[in-house]
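Written below as structure tokens is the structure these notes are about.
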Amino acid sequence: MTTSCPCQSGLPYNRCCQIFHDRVRPAPTCEALMRSRYSAFALGGLGAYLLETWAPQSLERKTLDADTLSRPEVAWTGLEVLSHTEKRRRGEVEFKAHFLAEGVEQVMHERSRFVREDGLWYYLDGVQNPTPEPVSRNAPCPCGSGKKHKRCCGA
């Protein structure tokens, strides 16, 4: 029996994030890297992977160690990828990660930044509870109605 991947891609773990965790190949996109990092936190015991995928220039990377990152502090229960963009060597992924802390369901909303160096994606940093990006009047409404923003939530 195959287990579903914690990143909720719909694929079994052994055909999804495990490929990256076992270093069979690197994550091909910043979204794939973000999903694999979420799975690493959710599964626990993958602190070395988390450190390896943190950008070398990141200040956080210099203050953390694999043992600390390997210990799960909360129970991760779900992931929603809200958006992702890649432009050359830079990428962003906005997501909501659901978790239980002391029996209380909570959500971490983050816009993460990624850099690509020597063909590999790395997590650089993230902003929690990011300010929503402005929506142009003629863009599709972010509520998902299928209407233009000016005829829906922007009215």
Open item on the list: Here are the criteria: (1) farther than 22 Å from Leu11 by Cβ; (2) modelled with pLDDT of 95 or more; (3) β-branched (Val, Ile, Thr). Tell me which single one Val74 does not satisfy.
Closed with: (2)
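Listed here are the residues, each with its yes/no results for (1) part of a helix (DSSP H, G or I); (2) more than 17 Å from the chain's Cα centre (by Cα).
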| site | (1), (2) |
| --- | --- |
| Pro28 | no, no |
| Ala32 | yes, no |
| Arg35 | yes, no |
| Tyr49 | yes, no |
| Pro56 | no, yes |
| Lys62 | yes, yes |
| Pro72 | no, no |
Open item on the list: Condition first: within 10 Å of the chain's Cα centre (by Cα) and small (Gly, Ala, Ser). Now tell me which residues in region 87-125 satisfy that.
Closed with: Ala97, Ser112
Task: Hits in region 30-48 - residues which are within 25 Å of Arg88 (Cβ to Cβ) and in contact with a helix residue (DSSP H, G or I) (Cβ under 9 Å, 6 or more places away or on another chain) - done: Ala32, Leu33, Arg35, Ser36, Arg37, Tyr38
Open item on the list: From the list Glu110, Glu117, exactly one residue is open to solvent by 40 Å² or more (accessible area, probe 1.4 Å) and under 20 Å from Ala27 (Cβ atoms). Which is it?
Closed with: Glu117
- [ ] Within region 69-85, track down each residue that is more than 12 Å from Phe41 (Cα to Cα), touching a residue at least 24 places away in the same chain (Cβ under 8 Å) and in contact with a Gly (Cβ under 9 Å, 6 or more places away or on another chain).
- [x] His84
Open item on the list: Take Pro134 and tell me if it is in a loop (DSSP other than H, G, I, E, B) and more than 24 Å from Gln18 (Cα to Cα).
Closed with: yes
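The values are calculated or read from the model by the stated rules, or taken from the named source; none is laboratory data. Note that the structure is a prediction, hence the values are computed from the model and not measured. Heads up, the Cβs are rebuilt from the backbone with ideal geometry, glycines too, and the neighbour counts pull from every protein chain shown. In case anyone asks, the SASA skips ligands and DNA or RNA and just uses the protein heavy atoms, side chains included. Shrake-Rupley method; radii C 1.70, N 1.55, O 1.52, S 1.80 Å.
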